[in-house]
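Engineer: To start, I am sharing the structure in question, which I have written as structure tokens.
The values are calculated or read from the model by the stated rules, or taken from the named source; none is laboratory data. For clarity, every value in this text was computed on a predicted model and none was experimentally measured. Reconstructed Cβ throughout: ideal geometry from the backbone, glycine too, with neighbour counts over all protein chains shown. Surface accessibility is based on the protein's heavy atoms, side chains included, excluding ligands, DNA and RNA. Shrake-Rupley method; radii C 1.70, N 1.55, O 1.52, S 1.80 Å.
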Amino acid sequence: MKDSLVEKRMRYIERQRQLHAETVDVDLQRASPLGSGPPNHHGMPRLPVGQHEVKNWPVLDLGDVPAISTNHWRLEVGGLVENAVMLTWADFMALPQAEDLSDFHCVTTWSRFDNRWAGVRFRTVAELVVPKPEARFVLCTGYDVAPGTNIPYTTNLPLSRAVEDDVLLVHTWEGQPLPREHGGPCRMITPKLYAWKGTKWLRRIEFLDHNERGFWEVRGYSDTAEPWVNDRYSAG
């Protein structure tokens, strides 16, 4: 049977962990930010350590590219919140909109600078649902699944990182609707973290009192994903 893209990616992760031990289980308390170039939008070296700049926007996914129309798209937001909601596209577009310029850093070593985004800040959604005091983490789920399974794509974040100013649920890139292959109609972006932390084809956000590792986090990628300290992989 032909290996799936996920299986190939997991073998790649294992090779990288063996070749680059310094990128595995990075001690964030002791690590110092590394990179090159002038300060970026939040004061860090523009190009994180181990990255190279690209002008295009490469496509990476699980091998499943959902076709979700805005008529059928829904975003469920719940968990430990006071006001759980199910947003339609019209509901989502009626929320306060934001524009931002930020960089995009993929764990596979490429970075694309100065992406122009439009969408809704994650913190706007958080303010809508009102997380309970015990909510300290979020788990985001996409419409995509690992081919041949019903396992959805998920990723996890501390709530404190999710509500940073530049974390957006975006519907527009470079003045055009977000392309389907990049997670349209709506994906999350996390400019201060590696880009896999931003779920594509977003369909659910759950607020939790504990950290629940996502799809790639349980398959070898770092739980914390900090680009400027080369925080790419986990030993398990």
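Engineer: If you roll a 1.4 Å probe over the heavy atoms of the protein chains, what accessible area per residue do you get for the stretch 13-87, in Å²?
Structural biologist: On the way: 4660 Å² over 75 residues.
So the stretch 13-87 comes to 62 Å² accessible per residue, rounded to a whole number.
Engineer: Oh, and also: Could you work out the relative contact order of the chain, using alpha carbon pairs under 8 angstrom and six or more residues apart, expressed as a whole percent?
Structural biologist: Rounded, it is 25 percent for the chain.
Engineer: Going from the alpha-carbon gyration tensor of the stretch 136-236, what semi-axes, largest first and in whole Å, does one get by taking the root of 5 times each eigenvalue?
Structural biologist: Working: eigenvalues 82, 58, 37 Å².
Here the semi-axes work out to 20, 17, 14 Å.
Engineer: At 222 nm, what helix-only mean residue ellipticity would the chain give, in deg cm²/dmol to the nearest 500, using -39500 (n - 2.57) for each DSSP H run of four or more? Show your work: numbers first, answer last.
Structural biologist: Details: 4 runs with 33 residues, N = 236.
Calculated mean residue ellipticity at 222 nm is -4000 deg cm²/dmol.
Engineer: What percentage of the solvent-accessible surface of the stretch 103-236, computed with a 1.4 Å probe over protein heavy atoms, is contributed by carbon and sulfur atoms? Intermediate results must be reported in sequence, preceding the final value.
Structural biologist: Working: 2280 of 4480 Å².
Of the solvent-accessible surface of the stretch 103-236, carbon and sulfur hold 51 percent.
Engineer: State the Cα centre-to-centre distance between the stretch 141-161 and the stretch 183-234 in whole Å.
Structural biologist: Cα centroid to Cα centroid, the span is 9 Å.
Engineer: Still on this model: Cα gyration tensor of the chain, axes a ≥ b ≥ c as square roots of the eigenvalues: rounded (a/c below 1.5), prolate (a/b > b/c) or oblate?
Structural biologist: On the way: a/c = 1.38, a/b = 1.27, b/c = 1.09.
It comes out rounded by the Cα gyration axes.
Engineer: With labels modelled as points extended 7 Å from the Cα through the Cβ direction, what inter-label distance (nm, one decimal) is found for residue 4 paired with residue 74?
Structural biologist: My value for the distance between the label points is 2.5 nm.
Engineer: What is the stretch 83-155 by shape, rounded, prolate or oblate, if you read a ≥ b ≥ c off the alpha carbon gyration tensor as root eigenvalues and call it rounded for a/c under 1.5, prolate for a/b larger than b/c, and oblate otherwise?
Structural biologist: oblate
Engineer: Right, another one. Between residue 134 and residue 150, what is the label-to-label distance in nm when each label sits 7 Å out along the Cα-to-Cβ direction?
Structural biologist: 2.9 nm
Engineer: Quick one: angle between helix 5-19 and the longest Cα principal axis of the chain, in degrees between 0 and 90, rounded to 10, please.
Structural biologist: Its long axis makes an angle of about 40 degrees.
Engineer: How long is the gain from residue 18 to residue 218 if the chain were fully straight, where each residue apart is worth 0.36 nm and the alpha carbon distance is subtracted? Walk me through the numbers on the way to the answer.
Structural biologist: Working: separation 200, 0.36 × 200 = 72.00 nm, distance 1.74 nm.
Taking residue 18 through residue 218 to full extension adds about 70.3 nm, to one decimal.
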